[in-house]
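One structure is given here, and the rest of the page talks about it.
Any read-out appearing in this document is the output of simple, stated calculations on the displayed coordinates, not a laboratory observation. The shown structure was predicted, so the numbers you read here are calculated from the model rather than taken from an experiment.
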Amino acid sequence: ITWTASDNVGVTAIDLKLSTDGGATYPTTIATGLSNSGTYAWTVPNTPSTTVRVQATAHDAAGNTTSASSASNFTINDWQITASAGANGTIAPSGTISVAQGANQAFTLTPSAGYQVAGVTVDGVSAGAVSSYTFTNVTANHTIAATFTQNTFAINASAGPNGSITPNGITNVNCGTNQSYTITPAAC
């Protein structure tokens with residue numbers, strides 16, 4: 001933010017405020033009591049609007065004040081990240097999340113009990129079976145979607161001499177389900 005302020009008894013302080021309604025009101029304080037340097041480095045907040053203005057109020061040594069604001073509206077953009085999760089798990093945060101220009105946004109994927117992350121797609125491209133993902137320096141809209149799959153376990157069954165087991169070999173069993181085996185001894 002830049003400004004020029006002067007008067008015959010000297011400007012002692014500058015206050016800066018933000019409007020998102022075209023200058024009808026200035027409810028948000030940016031900074032107060034600044035020296036009259038003519039510039040202030042400001043991190044733009046995540047308050048999307050197309051009717052943004054900044055107001056500078058100058059205070060002089062005699063206790064007088066005067067204000068001036070941006071000559072025209074400017075826009076604070078935000079970007080949308082749409083986050084979704086399939087059945088048997090969650091993504092947090094979820095839904096449509098607004099992200100300020102250049103900000104980061106992290107997501108955490110949590111499978112339900114007995115499930116695991118099957119895959120995560122970011123903007124339609126696989127990011128693998130990750131448990132978290134962070135968009136950095138966001139400058140566009142994005143999507144993130146997660147899918148989950150049930151945990152499976154391999155049971156390797158075998159019988160020694162003089163008998164059999166059915167099913168024999170490796171059987172994949174979903175978490176939380178049962179698997180029966182028939183064990184049959186040889187005659188005698």
Check: Amide H to amide H, which residues 5 or more places from Ala31 or on other chains are under 5 Å from it, using H placed in the peptide plane?
Finding: Leu16
Next item on the list: In whole Hz, with x marking every Gly and Pro, tabulate ³J(HN,Hα) for the range 150-158 from phi via Karplus 6.51 cos²θ - 1.76 cosθ + 1.60, θ = phi - 60°.
Entry: 6, 5, 10, 10, 9, 10, 9, 9, 8
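Need one number: the % of Cα-Cα pairs in the chain sitting beyond the 21 Å mark. Mind showing how you got there, number by number?
Values: 12107 of 17578 pairs.
Distances greater than 21 Å cover 69 percent of the Cα pairs.
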Notebook entry, point to check: Can you give me the Cα centroid spacing of the range 16-60 and the range 90-142 in angstrom?
Noted result: 33 Å
Next item on the list: Search the structure for amide H atoms under 5 Å from the amide H of Ala100, placed 1.01 Å from N in the peptide plane, and list their residues when 5 or more places away or on another chain.
Entry: Trp79
Note to self: List the residues, sorted by chain then number, that are 5 or more residues from Thr90 or on another chain and whose placed amide H is less than 5 Å from its amide H.
What the structure shows: Thr110, Ser112
Next item on the list: Identify which of Ala85, Ala154, Ala13 has the largest mean-square fluctuation in a Gaussian network model of the chain, with springs joining Cα atoms closer than 10 Å.
Entry: Ala154
Next item on the list: Taking only Cα atoms and a 10 Å spring cutoff, compute GNM fluctuations for the chain and point out the largest among Asn64, Asn36, Asn88.
Entry: Asn64
Check: ³J(HN,Hα) across the range 10-23 via Karplus (A = 6.51, B = -1.76, C = 1.60, θ = phi - 60°), whole Hz, x for Gly/Pro?
Finding: x, 7, 9, 7, 10, 10, 10, 9, 10, 10, 10, 10, x, x
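Counting each pair of different Cα atoms once, what's the Kirkwood radius of the range 96-171 in Å, rounded to one decimal? Spell out each step's value before the answer.
Numbers: mean 1/r = 0.0637 Å⁻¹.
Over the range 96-171, the inverse of the mean reciprocal pair distance is 15.7 Å.
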Check: If contacts are Cα pairs under 8 angstrom and at least 6 residues apart, what is the relative contact order of the range 1-106 in percent?
Finding: 24 percent
Check: Most fluctuating residue of Thr12, Thr152, Thr177 in a GNM of the chain with Cα springs under 10 Å: which is it?
Finding: Thr177
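Over the Cα atoms of the range 88-137, what is the Rg over Rh ratio if Rh follows Kirkwood?
Numbers: Rg = 11.8 Å, Rh = 11.9 Å.
Ratio of gyration radius to Kirkwood radius for the range 88-137: 0.99.
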Check: Taking the range 46-111 on its own, what percent of its Cα-Cα pair distances exceed 13 Å?
Finding: 74 percent
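Relative contact order of the chain: what whole-number percent is it, with Cα pairs under 8 angstrom and at least 6 residues apart? Write out the running numbers ahead of the final one.
Numbers: 412 pairs, mean separation 27.0, N = 188.
Across the chain, relative contact order equals 14 percent.
Where does the range 58-147 land on Rg(C-alpha)/(2.2 N^0.38 Å)? Please list the in-between numbers first.
Numbers: Rg = 20.8 Å, N = 90, 2.2 N^0.38 = 12.2 Å.
Cα Rg divided by the expected 2.2 N^0.38 Å: 1.71.
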Checklist line | Per-residue HN-Hα couplings for the range 105-121 [Karplus 6.51, -1.76, 1.60; θ = phi - 60°; Hz; x = Gly/Pro] | finding: 9, 9, 10, 10, 10, 10, x, 5, 4, x, 10, 9, 5, 8, x, 10, 10
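If each residue of separation counts as 0.36 nm, what is the full-extension length gain between Ser69 and Asn162 once their alpha-carbon separation is subtracted?
Here the answer is 24.0 nm.
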